[in-house]
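The values are calculated or read from the model by the stated rules, or taken from the named source; none is laboratory data. Computed from a prediction, not measured in an experiment: that's the story for all the values here. Cβ: placed from backbone, ideal geometry, glycine included. Neighbour counts: every protein chain shown.
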Amino acid sequence: MLSNRQINALLMSSLLCTALMAGRIYMTQNMTYVFLGWNLFLAWIPIYFAARLKNHVLNNKFKYWKYTLLYLLWLLFFPNSPYIITDLIHIQGNHNSINWYDSLLIFSFAFTGLSTGLLSLHWIQQASSRAFNNVIGWVITITSSLLAGFGVYAGRMLRWNSWDLFTNPMSLLQEAIAQVHNHTAQSMTLAFGLFILSIYIVSFHISKSPQHHE
């Protein structure tokens, strides 16, 4: 069963983000950071595909083609979740009296986006471990984290988005191959990939820690 408690927590966090956005619009009378709302919407899409995949595995009617299709669709949108972290660059050089508020605003969106991604990754690991075994589940988790790291690089530095795979797949593939020897691509992919994996391990280790009562 999928956890309503976890989804409800993410919805509450998203509502907080919306409230902070509304507060900034009210204070400044401009829509400077309204794009964060769209980025957060994209960060929610992996939750949908991960939920579909987990339900598919749990209903005992497992089919490899359906698992593969849902996994690839999830993986396509998964980088949108950690990508919002890179929106913090918009604070640089933006000197105004509410920089502190802008920092809080962007961090709240980044935190919520990353949290949705980590939950979806957890569901992917659970489904993969059940469909195959625990080792394969971890291999898929690690590989997905590193691929997401490249996705963050591609989105921020090359300005790709998830839709490009459908609208311009050949150009995307050619440019991806061209990044193999790019030092920035290698560094950013590894850094974000390991960051995603590390935060995932820490967060779900904490959530599964036994409760101690005095």
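Residues in the stretch 20-39 include none that are buried (at least 19 other Cβ atoms within 10 Å of the Cβ), touching a helix residue (DSSP H, G or I) at 6+ places or on another chain (Cβ under 8 Å), under 24 Å from Arg156 (Cβ atoms) and of a type in the set (Gly, Ala, Ser). Residues in the stretch 64-79 that are buried (at least 17 other Cβ atoms within 10 Å of the Cβ) and within 20 Å of Thr167 (Cβ to Cβ): Leu73, Trp74, Leu75, Leu76, Phe77, Phe78, Pro79.
Within the stretch 155-170, restricting attention to residues that are assigned to a helix (DSSP H, G or I) and touching a residue at least 60 places away in the same chain (Cβ under 8 Å), the residue that is surrounded by the fewest Cβ atoms within 10 Å (Cβ to Cβ) is Leu165. Could you please let me know if Leu16 is in contact with an Asp or Glu (Cβ under 9 Å, 6 or more places away or on another chain) and aliphatic (A, V, I, L, M)? It is false that Leu16 is in contact with an Asp or Glu (Cβ under 9 Å, 6 or more places away or on another chain) and aliphatic (A, V, I, L, M). Only a single item in (1) modelled with pLDDT of 95 or more; (2) closer than 30 Å to Asn133 by Cα; (3) surrounded by fewer than 19 Cβ atoms within 10 Å (Cβ to Cβ) is not met by Lys61, and it is number (1).
Being aromatic (Phe, Trp, Tyr) and not in a helix (DSSP H, G or I) narrows it down to one residue among Tyr67, Tyr33; which is it?
Tyr33
Scan the stretch 189-214 for residues that are modelled with pLDDT of 80 or more and more than 17 Å from Gly117 (Cβ to Cβ) and jot them down. Scanning the stretch 189-214 gives a single hit, Leu190.
Could you tell me which residue of the stretch 185-209 is nearest to the chain's Cα centre (by Cα), considering only residues that are without any contact (Cβ under 8 Å) to a residue 40 or more places away in the chain and closer than 22 Å to Leu165 by Cα? The selected residue is Met188. Considering only residues in the stretch 135-154 that are farther than 15 Å from Pro79 by Cβ and free of Cβ contacts under 8 Å to residues at least 12 places away in the same chain, the one that is surrounded by the fewest Cβ atoms within 10 Å (Cβ to Cβ) turns out to be Val135. Applying the criterion of being closer than 21 Å to Met188 by Cα and in contact with a Ser or Thr (Cβ under 9 Å, 6 or more places away or on another chain) to the residues of the stretch 83-108, the residue that is modelled with the highest pLDDT is Ile84. Give Ile124, Ile136, Ile140 a once-over and let me know the one that is β-branched (Val, Ile, Thr), in contact with a Ser or Thr (Cβ under 7 Å, 6 or more places away or on another chain), farther than 17 Å from Phe204 by Cβ and in a helix (DSSP H, G or I). Exactly one of Ile124, Ile136, Ile140 is β-branched (Val, Ile, Thr), in contact with a Ser or Thr (Cβ under 7 Å, 6 or more places away or on another chain), farther than 17 Å from Phe204 by Cβ and in a helix (DSSP H, G or I), namely Ile136.
Test Thr116 against the stated conditions and say whether it is touching a helix residue (DSSP H, G or I) at 6+ places or on another chain (Cβ under 6 Å) and either modelled with pLDDT of 95 or more or buried (at least 21 other Cβ atoms within 10 Å of the Cβ) (or both).
Against the criterion (touching a helix residue (DSSP H, G or I) at 6+ places or on another chain (Cβ under 6 Å) and either modelled with pLDDT of 95 or more or buried (at least 21 other Cβ atoms within 10 Å of the Cβ) (or both)), Thr116 qualifies.
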